[in-house]
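Engineer: Quick one: the structure is below, questions incoming.
The values are calculated or read from the model by the stated rules, or taken from the named source; none is laboratory data. Source: prediction; values computed, not measured. All Cβ positions, even for glycine, are placed from backbone atoms using ideal geometry, and neighbour counts span all protein chains on display. All accessible areas refer to the heavy atoms of the entire protein, side chains included, with ligands and DNA or RNA removed. Shrake-Rupley method; radii C 1.70, N 1.55, O 1.52, S 1.80 Å.
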Amino acid sequence: MLNLVFVAGLVLFAISSAYFYSVGKNKAGFNSAFLVSFVTLISYVLMWQGNLTVVTQAGQPIYWTRWLFYALSCTLLMVEIAQLKQIQGGGLVQLLYLTAIVMVTGFLAARDLTAIRWVHFVLSSVAYVLLVIKVLSVKTAKSGWVNSYIFFGWTVFPVVFLLAPTGLGLLGAGVANLLYLLLDIYTKIVFNIQLGRTGS
Amino acid sequence: MLNLVFVAGLVLFAISSAYFYSVGKNKAGFNSAFLVSFVTLISYVLMWQGNLTVVTQAGQPIYWTRWLFYALSCTLLMVEIAQLKQIQGGGLVQLLYLTAIVMVTGFLAARDLTAIRWVHFVLSSVAYVLLVIKVLSVKTAKSGWVNSYIFFGWTVFPVVFLLAPTGLGLLGAGVANLLYLLLDIYTKIVFNIQLGRTGS
Amino acid sequence: MLNLVFVAGLVLFAISSAYFYSVGKNKAGFNSAFLVSFVTLISYVLMWQGNLTVVTQAGQPIYWTRWLFYALSCTLLMVEIAQLKQIQGGGLVQLLYLTAIVMVTGFLAARDLTAIRWVHFVLSSVAYVLLVIKVLSVKTAKSGWVNSYIFFGWTVFPVVFLLAPTGLGLLGAGVANLLYLLLDIYTKIVFNIQLGRTGS
């Protein structure tokens, strides 16, 4: 099952990379949708390869590299969200920093099998809450739909983290990584297609 | 003693994170003081956890993760210093690059137990001297007090590095990490309180 | 031979660091030529030290740290190339991202001894081709000579990677690292001297 999930992710994000590249080719500037998909593709190749994991006492593998790649892809997504929300300059830098902190502390929590991982998890959650408060507090005409993406997309990640072998271990590695794949599709592919349609 | 130092650092930087967040909440832009404290808090959690170290022949542990987190927190501090000194654009990018080089070569020197660590130490020192020359050469009305912070705060770090198990081993790990904690308080908390008072 | 190559690289890039620093000292802004040489100097110190390698079945060492340092030095070079080509804003960010992806996937391919390294190599090549298309598609009066640098300098790196122990293993580690040194001199020293002469 795990292998299947990673191959599915690998194939899907290869296709979405090609799609977003061709769609964005003639636009000026920065093709964030393509870069998000390409970074996620690399992440799935690395998880499929499978040699950078830790194994819990229950014998479940944790693919901690995922969170390092999220530090890259989610800062890119945050640039897109900030643009919709018209957050610029210092406010944008702060959002990118918080996003990176959420993911790097997530990586520290994922790599660690001791009880101290909960401290990392709390710090990651604090940074995430500060991030969400900041993003949701800005209201613009066009950005209403983004808030639901963040609520139903981004916020489910720490819930899966909590239930997965990284946290309480109520879900196995297979189910957890399948859920992450569905969340990746929702927040990185569906989101960018929607963003393209709203014409920004 | 080591454990006490790390718990003290952890608690202090948790408090200063909360303080700088609440003080800066309503300001526009970039809350650097908060991010510096929060990054340092993560660094202390990781050192308290204690599994990412190398041990010298004399049996002293070296917490090399410290220098990777300084690469983050000190580039943030450098943004603040550059703002006071009105260094912008390319000049600022150069300062941030040099700061990161100082800390990454510091990390390489700290991780390495062979004589080659002295080569890393020399490269780190060269980058640091170039950095200080650049910062001190710019004189503005408001920034006089910053120079003494750099002289008495930043410059003591490589001196401790030299005397600690990372260098000559004249100090033990406990004393060295206590001195680093005092320096962290001075350069990351006292500095930012002072910066807030001068109203920039 | 390997040791000789690394010492030669170390000495040459120490000299070029000092040269570019003194030449650029009085210019405003960002001394990229110096930083490229200094970062490369650190990279050669680390390879000379020699403890961060993987060894192939044929007994050849692979110095994978090289590619992490290229992620830093080549993004700096790309800033210089983009300036000549007058690529700014979002277009520049995309180029820097692609450059970093080329090098990080190169690092993943170099570290990996299994057949999956070819997947990383393909992803690195895709990112590189997209990068080159983007750079070559912009034509400005002054930038004709840059295209040949990229063709004859940058593009030889993946060819060496392919023939070296990282790929097919037709070249030994000694010859491969000698070729990389020559390419480093061409793309990081000769290029920056040429750039200084054309007066940009």
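Engineer: Under the convention of a label 7 Å out along Cα→Cβ, give the distances in nm from B:ALA58 to the same position in every other copy, shortest first.
Structural biologist: 4.6, 4.6
Engineer: Distances from A:ILE193 to the same position in the other copies: list them in nm, one decimal, shortest first, using label points 7 Å from Cα along Cα→Cβ.
Structural biologist: Output for A:ILE193: 5.5, 5.5 nm, nearest copy listed first.
Engineer: Hey, can you grab everything whose amide H is under 5 Å from the amide H of A:VAL54? Only 5+ residues off in sequence or another chain; H modelled, so Pro and N-termini drop out.
Structural biologist: So A:VAL54 has HN proximity to A:ILE62, A:TRP64.
Engineer: For region C:5-75, divide the Cα radius of gyration by the Kirkwood radius and give the resulting Rg/Rh value with two decimals.
Structural biologist: Details: Rg = 14.3 Å, Rh = 13.1 Å.
Reported Rg/Rh, Kirkwood definition of Rh: 1.09.
Engineer: May I ask you to list the residues of region C:119-159 whose amide nitrogen lies under 17 Å from a point 7 Å from Cα along the Cα→beta-carbon direction of C:GLN86?
Structural biologist: In region C:119-159, the label zone of C:GLN86 (backbone N under 17 Å from the point 7 Å along Cα→Cβ) covers C:135-147.
Engineer: Hey, another quick one. B:SER137 label points, 7 Å along Cα→Cβ, one per copy: pairwise distances from this copy to the rest in nm, shortest first?
Structural biologist: List, nearest first: 4.0, 4.0 nm.
Engineer: Taking every residue in B:145-158, how many Cβ atoms of other protein chains lie within 10 Å of its Cβ, on average?
Structural biologist: Numbers: counts 0, 0, 0, 0, 0, 0, 0, 0, 0, 0, 0, 0, 0, 0.
The per-residue average across the peptide is 0.
Engineer: Further, regarding this structure: Please work out the average accessible area per residue across region B:47-165, using the 1.4 Å probe convention, and give it in Å².
Structural biologist: Details: 4870 Å² over 119 residues.
Per residue, region B:47-165 has an accessible area of 41 Å².
Engineer: Right, here's the next one. With viscosity set to 1.002 mPa s and temperature to 20 °C, compute the Stokes-Einstein D of the protein assembly as shown, Rh being the Kirkwood radius across alpha carbon pairs; µm²/s, no decimals.
Structural biologist: Values: Rh = 25.4 Å.
Answer from the Stokes-Einstein relation: 84 µm²/s.
Engineer: If you count, for each residue, the other Cβ atoms within 10 Å and average over each peptide, how do B:121-131, C:148-158 line up from highest to lowest? Numbers along the way, then the final one.
Structural biologist: Numbers: B:121-131: 19.7, C:148-158: 16.3.
Ranking the peptides B:121-131, C:148-158 by packing returns B:121-131, C:148-158.
Engineer: Residue by residue through region A:63-69, which ³J(HN,Hα) values in whole Hz follow from phi under the Karplus form 6.51 cos²θ - 1.76 cosθ + 1.60 (θ = phi - 60°), with glycine and proline marked x?
Structural biologist: 8, 6, 4, 3, 6, 5, 6
Engineer: Where does chain A land on Rg/Rh, using Cα atoms and the Kirkwood Rh?
Structural biologist: Details: Rg = 16.6 Å, Rh = 17.2 Å.
A ratio of 0.96.
Engineer: Here's a follow-up. Got a sec? Which residues of region C:76-109 lose 30 Å² or more of accessible surface with every protein chain in place, vs. that chain alone, 1.4 Å probe?
Structural biologist: For region C:76-109, once contacts with the other chains are taken into account, C:GLY90, C:GLN94, C:TYR97, C:ILE101, C:LEU108 lose 30 Å² or more.
Engineer: May I pose another question? What do you get for trypsin sites (Lys or Arg not before Pro) in region A:6-107 restricted to DSSP loop and a cutoff of at most 16 other Cβ within 10 Å of the site's Cβ?
Structural biologist: Values: sites: A:LYS25, A:LYS27, A:ARG66, A:LYS85; in loops: A:LYS25, A:LYS27, A:LYS85.
Answer by residue number: A:LYS25, A:LYS27.
Engineer: Using a simple spin-label model with points 7 Å from Cα along the Cα→Cβ vector, what separation in nm is obtained for A:LEU113 and B:VAL175?
Structural biologist: 3.8 nm
Engineer: A further question on this structure: Mind jotting down the distance between the C-alpha centroids of region B:82-104 and region C:123-200, whole Å?
Structural biologist: 28 Å
Engineer: Taking 51 Å as R0, compute the FRET efficiency from the Cβ-Cβ separation of A:LYS139 and B:LEU52 and round it to 0.05. Mind dumping the intermediate values first?
Structural biologist: On the way: r = 42 Å, r/R0 = 0.83.
Once the sixth-power term is evaluated, E becomes 0.75.
Engineer: Could you compute how much accessible area chains B and C hide from each other, both sides summed, with a 1.4 Å probe? Nearest 100 Å² is fine. Walk me through the intermediate numbers first.
Structural biologist: Details: alone 9880 and 9880 Å², together 18190 Å².
Interface between B and C: roughly 1600 Å².
Engineer: Expressed as a whole percent, how much of the Cα-Cα distance distribution for region C:43-108 exceeds 15 Å? Can you show the working numbers first?
Structural biologist: Working: 1246 of 2145 pairs.
Percentage above 15 Å: 58.
Engineer: Tell me which residues come under 5 Å, amide H to amide H, from B:VAL138 once H is placed; ignore anything under 5 positions away on its chain.
Structural biologist: Hits under the 5 Å cutoff: none.
Engineer: OK, next. Roughly what would the spin-label model give for A:LEU168 and C:SER22, points 7 Å off Cα along C-beta, in nm?
Structural biologist: Inter-label distance under the simple model: 6.7 nm.
Engineer: I've got another one for you. Arrange the residues C:TRP145, B:TRP118 by how much accessible surface each exposes, largest first, with a 1.4 angstrom probe.
Structural biologist: On the way: C:TRP145 50, B:TRP118 85 Å².
Largest accessible area first, the residues go B:TRP118, C:TRP145.
Engineer: Which loop-located trypsin sites (Lys or Arg not before Pro) does region C:103-200 contain, where loop means any DSSP state but H, G, I, E or B and the Cβ has at most 13 other Cβ atoms within 10 Å? Show your work: numbers first, answer last.
Structural biologist: Details: sites: C:ARG111, C:ARG117, C:LYS134, C:LYS139, C:LYS142, C:LYS188, C:ARG197; in loops: C:LYS139.
Passing sites in region C:103-200 are C:LYS139.
Engineer: Follow-up. Please name the residues of region A:13-38 whose accessible area, counted over protein heavy atoms with a 1.4 angstrom probe, falls by no less than 30 Å² between the chain alone and the full protein assembly.
Structural biologist: SASA drop of 30 Å² or more in region A:13-38: A:TYR21, A:GLY29, A:PHE30, A:PHE34, A:LEU35, A:PHE38.
Engineer: Just need log10 I(q)/I(0) for region A:108-200 at q = 0.15, 0.16, 0.17, 0.25 Å⁻¹, Debye formula, equal scatterers on the alpha-carbon atoms, no solvent, rounded to two decimals.
Structural biologist: Debye output, listed in q order: -0.69, -0.77, -0.84, -1.27.
Engineer: Ignoring ligands, DNA and RNA, what percent of the accessible area of region A:19-109 is carbon or sulfur (1.4 Å)?
Structural biologist: Values: 1930 of 3290 Å².
The computed percentage sits at 58.
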